[in-house]
Amino acid sequence: MAAQGVDETRRGANALGVLKDALIVLANVADGGLNVPFLKGCAQIVIQLIDAAQAVKSNKDDCRDVARTAAETMLGVADALKGQKTDTLDASFKSHLEQLQLKLDEICRAMLALAGRKYYQRFLTRSADQSAIANWKISNWARLRSGASCILSLMKSRISAPAIFHGREQEITDAGNVLMTTSHAKSHLVILGLGGIGKTALALTILHQPSIRQHFSGHLYFVACESVASPSRLVSYIASTLAIPRTNGEDILTSLDTFLTTGPRRLLVLDNFESPYYQDGSTQGVTEILQRIASVPQVTLLLTMRGSTGPGDIVWGKKMELKPLSLEASRNIFFDISGQDQAGESLDMLLDELDHIPLAVSLVSRLAQLESVEDLFQQWRSERTALLQADTADGRLNNIEISIGLSIKSRIIQNAEDAVELLALISYLPDGVIAVPLGLKLISPHLRGAQAARALKQAGLVIESGPHELFTTVLSPIRHYMRKHYPISENTKMGAWMYYVEAIQRCNPGQHVTCNDILLLESSNAVMVIKQALQGKKELVDGKVVRMCYEGIPEAAFRLSAFLSNHKPTTELLDMLLSYDKGVLTPEATMACEKLRVEILSVQGQYAEAKHNVQKLLQHSIDGCSDIGLAWCYEELGDIARIQSDHCEAEAYLRKAMEQWDLVGNKHGVACCLRSLGDILKSQDRYDEAREQFQEAISLFQELGDRRGEAHCIRLLGDISGAVGELDEAEKKWEEAMMKFKDAQNKLGQTQCLHHLGNLARGQGRVGKAEEMVTEALESFRQMGNKLEEANCLKDMYLILKEQDRAEDAIKNLMQARGLYDQIQDKSGLAGCLRVFGEYFIDQGNYPEAEEQLREALGYFQQLERKADSADCQSFLGFSLIMQGKMDDGEHMMQGKYIEAEEKLREAVGYLEQAGDLSEGLVDCLQVLAEVLNQQGKTTEARQREEQAEKLAAQLGE
């Protein structure tokens, strides 16, 4: 074991050495090749950070981990900024870049201080140093990565304009007129035409027009839809490009709506939209998504799509169907690519034969680097004659196919062994092959990848795309041509299947390991390959044709679904697994798939469907006399009801579940139920009973060695301490829970604690610190796709921003929170939002609207038996009614408002007095009640209430 540790340390040192070399190169290049001055300084800071990490004597592994991540982050940012100039970056870019440099410098200085410690100092401060490093990784480091992520997400949509582009001047002018019109309903543009006609190139050129950039203030986003195969993945791709929280699945539409409606004016380009639109069974879902986006006043759409008709039910300002280029534009493209500059009859005849289709012209122009125009013309005529004889001619479409065919039959491709098979593999995978040629050795080791890849690039048949241009892929017409004429061989296909199955087997969702990152990058490829493998083979079993699955594929589909549930939740693979005939999956495997599907639906906020599925499983468990199945179903139904604040139903199910878990001797199940029951009691303000439940659950979790379960209960105990004003104890509990969650590698728990600590900072008057911590928690919850926690953060951000007099930003956050609570049907959260909206409208003097919001909130609170919140709501409602009474002209209307206000305030005061809640809230209620009594001429009782309020205020002051 010691030897293994030494090997790991050496490997870590070597890896840092490689990263340092890359940063040294970057620091030197920053003087010339890269035009953003801060890069050199940042690179030098991270070089110092690596040196310091290599020099520390204690906590070496953690320090190296920090240095490694800093280096990788810096190199990623540098890669994203290639070709950018300082004067082209907007203010948001520059701000993020400056913050990134400051954070790097802060971490570096702290690391250098650790490296300079003497032995006795290291011994005395070891624990403190560990805490400091943990803080970097939990808080500071997360902000560094968040800053870099902002830069990369901002860069993601800034795809370069085509290097070679000629013609289309009138189309560019027409597009500008449509996209910048003052009428939103007529501002959407769809560019149509056959494959290879130049739709994408035109869209990118439009995107980079100065007038367009100025009109949309740089908020321009390009989404490549080529590999999008379903409505949910379309939303996921859009969310990724816009850096919207990855709540994933179809329910992310609400998050998308909120993000777009509360943001600035944006231009969203959806390229190759035919891919998701024409997928079997996807047209309706994709159209609905498009309609929702198109209806947002702040969003202008630009679609590119094959065909001659755009998606229906959308009002298009213009449907622009592209025609072939002019002869002059075709010549200029030929000259730019081939390096030739002499026009002639042979060239013009060749370009006429190509029908001036941009892709065909580009491919043949590359061949002209190696062969004469006359030879190419003769080859073209020969290929075209063969097509005519086969009676497959289809005008311009065939001209593209002939151009691709000529490229594939060219000497450069034919002389490169395996080039055609490599192109078939690249065309087979939605995102192409990662890290060619190194990645190719893993996917298809039998192919000679390096020479083949060089030949394909030289012939212009492949391009680089994706994050940091890691993927080698093809344009859509080439993909379709290859799948039709040169389909992937069974040998290469099986190699790809084996590669992705092994990649899925290697992933470890509980740890941060490189193989997880790679699988996440290749998730589109992995899902497609596993879906194809799941289609299986048909065999005759007992006289019936049964669809059978390849060995290892069901397990891979299950593991991939489980892995993606933390990143891009999807049930499509599980749905395919569960569609198999009985007998293909074991009963245990079927149950595991059903359970995972329910968990994913819950993560997506699709509680109604999740509940329906659990109820089916419950009946199955009853029929099969499965005590464990019964226990799981009861617990899952209880937790769904708890999340939706249906406390009576939740408690009933959870107590049934606890009985079943106890019956089968499953202590972990009992502990989880105790924790959930305690959570219900906490939400009902029954704090002493809740504490008993949590303490009992903690004892069981400790006995079982479940650190995550223990941490969860400790966090909830901290929530109780915070609710009753024991702030020091609350802070202690949350910090303890946070460290335990870290040990258990539970990101959700860590982030929940960070959120609570942020709220504590707000209560202590450290508003800037509170905003920083809650913002960090919000970003993490969004990445996890946790709508409930995201909504909680947004609601708290409202309070933080309000205290900073940033009313407009505050109310946007509150509106987003309300939308999420409504979406996931969380009555408790929705009630809290409605109450805050009521307070907001009171501040604005809009008392009728405040009354409406507060009445709705009060109904929810009473339904949930939240007496303290009900009293608080009644107090505000009473005040709102008083103010309306003062403004009403009619005496009858005015008196009615006062009577109802008095009733609500008496109920509130009665509850607070009965509960012994002698707080400022009771003082406020008494004072407002005195006011409404005075307005009705009940001066004696009014004076009594005023004296009661004054006496209580004096007590609180002492």
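Values for this structure:
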quantity	calculated
FRET E, pair Asp805, Ser240, Förster distance 30 Å, beta-carbon r, rounded to 0.05	0.35
Accessible area in the full protein assembly, largest first, 1.4 Å probe, for Asp805, Asp706	Asp805, Asp706
Accessible surface of the range 716-833 [probe 1.4 Å, protein heavy atoms]: carbon and sulfur percent	45 percent
Ordering of 281-287, 266-272 by packing [mean C-beta count within 10 Å, highest first]	266-272, 281-287
Cβ-based net charge around Glu171, under 11 Å, with every Lys or Arg adding one and every Asp or Glu removing one	+1
Gyration tensor (alpha-carbon) shape descriptor, the range 410-488, a/c threshold 1.5	rounded
Ordering of 418-427, 334-343 by packing [mean C-beta count within 10 Å, highest first]	418-427, 334-343
Sum of side-chain charges, Gln298 neighbourhood, beta-carbon under 14 Å (Lys, Arg +1; Asp, Glu -1)	+3
For peptides 402-410, 308-316, 571-579, sequence by mean Cβ density within 10 Å, most packed first	402-410, 571-579, 308-316
Across Lys656/Lys827; Lys611/Lys812; Lys682/Lys787; Lys747/Lys769; Lys20/Lys493; Lys484/Lys595, pairs whose alpha-carbon gap is larger than 30 Å	Lys611/Lys812; Lys20/Lys493; Lys484/Lys595
Per residue accessible area of the range 169-323, 1.4 Å probe, in Å²	36 Å²
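The values are calculated or read from the model by the stated rules, or taken from the named source; none is laboratory data. These numbers were taken from a predicted model, which means no experiment stands behind them. Reconstructed Cβ throughout: ideal geometry from the backbone, glycine too, with neighbour counts over all protein chains shown. Side chains included, ligands, DNA and RNA excluded: accessible areas come from the protein's heavy atoms. Shrake-Rupley method; radii C 1.70, N 1.55, O 1.52, S 1.80 Å.
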